[in-house]
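Worksheet: one structure, shown below.
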Amino acid sequence: MTARHRTPKLQLPSRPAVPAAAPSRLRTVWRAVALALLAVALLPAAHGQQLEASGALRVLGFGLPDEIATERVALFEESYPDVDLQLTEGSIDQQQLLTAIASGNPPDVVYLNRADLSTYATRGAVQPLGQCLQDAGMDMGQFREAAVQEVTVDGEVYGVPDFYTVIVLVLNTAALEEAGISVDEFSTSDWEQLAQWNQALTRNEDGLTRIGFDPKLPEFFPLWVRANGGQLLSDDGRTALLDSPEAVEALEFAAGLHEPAGGRAPFMAFRDTWDFFGAGNQMASDQLAAFPIEQWYVNVLSDVSPDAPIAVKAFTDRQGDPLTYATGSAWAIPTGAANPEAACAFVTTMSSPEAWERAGRARAQLRAEAGGTYTGTYTGNSVADEVIFGELVQPSGDAKFDDAVQVILSVQDAAFSIPANPAGAEFRQAWTDAVNRVLNGEQSAQEALDQAQQEAQAALDAAWEE
Amino acid sequence: MGGVGRATSIDAAGRAPRRPAARRRGDGAPRGGGLRRAEARAAWLFIAPWVIGFVVFTAGPMIASLYLSFTEYDVLRPPKPVGLDNYAQLLQDPRLRVSLWNSFFYTALFVPLATLVALCLALLLDRVHRAAGFFRTVFYLPSLTPTVAVGALFLWILNPNVGLINRGLALVGIDGPAWTTDPTWIKPGLVLMSLWSLGGTVVIYYAALRGVPVTLYEAARIEGASAWQEFRHVTLPLISGAIFFTLIVNTIAALQIFDEVYTMYFGQMESGAASNAALFYVIYLFRQAFEFLHMGYASAMAWLLFVLIMLLTAIQLRLSRRWVYYEGR
């Protein structure tokens, strides 16, 4: 990469990125030293090597909606001026990608959902990146473990993680206060207690006007299963575990959380009326008391309803340990890419700590100019996160959002992901449909998950066999 | 419409126009093979754009999909022949049965209702004399709304709590159903949505109504026919060709509904309630092809739908002999 890549300046984080509940001063100092050492150890590998790259480079699935994208692209273009970068903007279109590959004219780089990557990897449609990463000197150790798991198939890395979305609990503190429930005590560990709180927080006297707790089914079903000590798929991605007792119990419990609202239909009908991204969102309008949600939603709340009475906490498993479910995107190089050298340079530059730092600085500056606060970017790259949250993110002065940032950071490494497997979409569909059948009252949790187990295992067997 | 089409083809290509040519040949008129060849070339030249379009964009893909239906093909790797496996799997796939049932249920509900509503609107239009053009435009305009926009719009209109339909029902004391979240009401809700785009059918009926000779109405009135008798024995028979045409076209369109439903229930925000209730055949076909990468199986599904539509159309054609009146015969 550029000279800038090769001679990185060491930046000590201004504050610990992952604070303990009550760290002593000594522990804080030790932590800072440890982080600095980690950063020193990882920086040469993280920053990588300048590669030889030129010619046209076609990228599919990545747009330039904001400075996080444009600044990283600008860094690439400055680093590789001989490369003619051609972005096909907009999110990934599977039909577009499939037809491009089928016609023997694949893009050089594709930007896609990490959960979908293994479907392409196992079919040989994207290249393993071992050589590329080695040439670029990029150490996968700098990326979060859950993200790396999603892009690794049979021990081979097929994608470079980009962004890292985790789930946290967002609470409506006014609703909790009204019901006499302490925000500090509220957690998802004790399911019996959670069901009682849900009942107490739901307002359904003359029609449903507030949901107590939204379990976010079917999409967060994997989180509930994990919280109950189970998992949906074996670590090697070959065996479905959908009908395990842990999964059945988790589904029965989480589906039961709709009952105080009158069942799934009125629950969804009410939820569909929320102004989710507006100033009158469900937290600001007191239409919801608590729910697990992806961390980016905290940024939405800080933008559109900064005065909404919210608190952010970690989702916890039944043992009381923080737990989250990580998702995100990945860069991959299709098999048959016309310019694999430039593609390698691009994918390793875009997810490098320098690229993230530059993007973070630009966003922090823009937010400051607009009178706002930069709440950080969750990159999936722990070295980049150290810089962003150690240096660029400054306290906003609004304790609830500053605390939220710390909570989100604290759960980064408590994340799990669905293991890579070649039947990603079908596997997802099997458990999603099972959850929906239970929510719609068509089947019991056991029946639905038994059926889903058969469907998912058949899909996995067929896909691995191919 | 079908009647009009058949009458026209008989007029254009029937015996009457051929006779003069035959006479000319019999007369030994100087009409050489060169001229006929030149005419044929010109004819082919004129229809070439359509023929090329048909071969490249319709017949070609159809033949390709027929071949793919006998293979296992994930688009990413070459197809592998599997014989009749995909067709055998069609018989065992429970989701396919659900999607077929959904599509036929929706079609059975939508097509008669659409015919009835469109006919009523056309009759109203036929009665309007002042600002008739304005009202024709108003009835047709919704048909121009992009289908994705219609889907997004009707998610709100059908919303059980704040939607226009349930608010309207509430005004007359009816507690409206959960159109978008109750699996029982999702398909009726979609039928309501589809009525939004009836403009094309209305215009066809309106044109047919305008074509009914006034003299027939005058004769009926002289004979003392009531308004209903006029409609039943004069109007309906004379527009039956148009009704038959729209029945066939709307049946085919209803069996292939996709855009609006995919937008509403299967796009970015997949709705749990609709996962089965709104899983229409073409949506399931699309998912098999482009989400699950079972292009071979999806091709077999496409051919099954094609055969079912052909059968249904053949039945409709057969039944039409009993009730469709063709002026040209």
Cβ-based charge dipole, the protein assembly as shown, positive-most Cα from A:L171, B:A289, B:L144: B:L144
Coarse-grained scattering of the range B:89-323 at q = 0.09, 0.14 Å⁻¹, given as base-10 log I(q)/I(0) from a Debye sum over alpha-carbon atoms: -0.47, -1.01
With all protein chains modelled, accessible area of B:M264 [1.4 Å, Å²]: 10 Å²
Rounded FRET efficiency, nearest 0.05, which uses the C-beta distance separating A:Q96 from B:L319 and R0 of 51 Å: 0.75
Residue-averaged beta-carbon neighbours from other chains (10 angstrom radius) around B:73-81: 5
Interface size B-A, as summed buried accessible area [1.4 Å probe, Å², nearest 100]: 2500 Å²
Pairwise label distance in nanometres, A:N105 with B:Y67, each label 7 Å out on the Cα-Cβ vector: 2.0 nm
Of the GluC sites (Glu not before Pro) in the range B:216-247, those whose Cβ has at most 10 other Cβ within 10 Å and which sit in DSSP loop: B:E223
Using alpha carbons only: equivalent-ellipsoid semi-axes of the range B:52-179, gyration tensor based, whole Å: 42, 24, 15
Peptide ranges A:184-194, B:150-160 listed from the most packed, as the mean C-beta count within 10 angstrom indicates: B:150-160, A:184-194
10 Å Cβ neighbours from other chains, averaged over peptide A:257-268: 3
Separation in nanometres of the label points that stand 7 Å from Cα toward Cβ, at B:A227 and A:D413: 8.2 nm
Charge dipole magnitude, Cβ of K and R +1, D and E -1 - the range B:89-323, Cα centre, debye nearest 20: 480 debye
Value of [θ]222 nm, deg cm²/dmol, for the protein assembly as shown, DSSP H segments ≥ 4, -39500 (n - 2.57) each, nearest 500: -16500 deg cm²/dmol
Angle in degrees between helix A:245-256 and the longest Cα principal axis of chain A, rounded to the nearest 10: 60 degrees
Spread of Cα-to-Cα distances over 10 Å intervals beginning at zero, given as percent, for chain A: 4, 19, 28, 27, 17, 5, 0
The range A:343-447 - charge dipole about Cα centre, Lys and Arg +1 at Cβ, Asp and Glu -1, debye rounded to 20: 240 debye
Inter-chain shielding of B:286-293 (mean C-beta neighbours from other protein chains, 10 Å cut-off): 6
All-pairs Cα distance distribution in the range B:196-236, expressed in whole percent, bin size 10 Å: 28, 42, 23, 7
Signed unit charges on C-beta, dipole axis of the range B:232-328, positive-most listed residue B:L312, B:N250, B:A278: B:L312
Per-pair calculated FRET efficiency, R0 = 30 Å: A:E465 and A:A338 via Cβ, rounded to 0.05: 0.45
Point-charge dipole on Cβ atoms (K/R +1, D/E -1) for the protein assembly as shown, about Cα centre, debye to 20: 5060 debye
Among A:S382, B:W156, B:V212 the positive-end extreme of the charge dipole of the protein assembly as shown (Cβ point charges): B:V212
Residues A:R318 and B:W50, FRET efficiency given R0 of 41 Å [Cβ-Cβ distance, rounded to 0.05]: 0.05
Loop trypsin sites (Lys or Arg not before Pro), the range A:200-245, which have at most 16 other Cβ atoms in a 10 Å radius of their Cβ (DSSP): A:R238
DSSP-assigned coil residues among GluC sites (Glu not before Pro) in the range A:196-255, each with at most 15 further Cβ atoms within 10 Å: A:E205
Protection-proxy order for peptides B:131-139, A:50-58, each taking the mean of Cβ atoms within 10 Å per residue, highest first: A:50-58, B:131-139
Solvent-accessible area per residue for the range B:89-323 (1.4 angstrom probe, square angstrom): 49 Å²
Solvent-accessible heavy-atom area per residue, rounded to whole Å², over the range A:413-466 at 1.4 Å: 35 Å²
Folded to 0 to 90 degrees: helix A:445-465 orientation relative to chain A principal axis, Cα: 20 degrees
Net lengthening on full extension, B:L311/B:W156 (0.36 nm per residue, minus Cα-Cα): 52.1 nm
Percentage relative contact order, the range B:53-187, counting C-alpha pairs under 8 Å, at least six apart: 10 percent
Hydrodynamic radius of the protein assembly as shown per Kirkwood, over alpha carbon pairs, in Å: 30.5 Å
Cysteines (scope the protein assembly as shown) whose Cβ has no counterpart Cys Cβ under 4.7 Å: B:C120
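The values are calculated or read from the model by the stated rules, or taken from the named source; none is laboratory data. Just so it is clear, the model here is predicted, and its values are computed rather than measured. Cβ coordinates were reconstructed from backbone atoms using ideal geometry, including for glycine residues, and neighbour counts include every protein chain displayed. We work out accessible area using only protein heavy atoms, side chains counted, and drop any ligands, DNA or RNA first. Shrake-Rupley method; radii C 1.70, N 1.55, O 1.52, S 1.80 Å.
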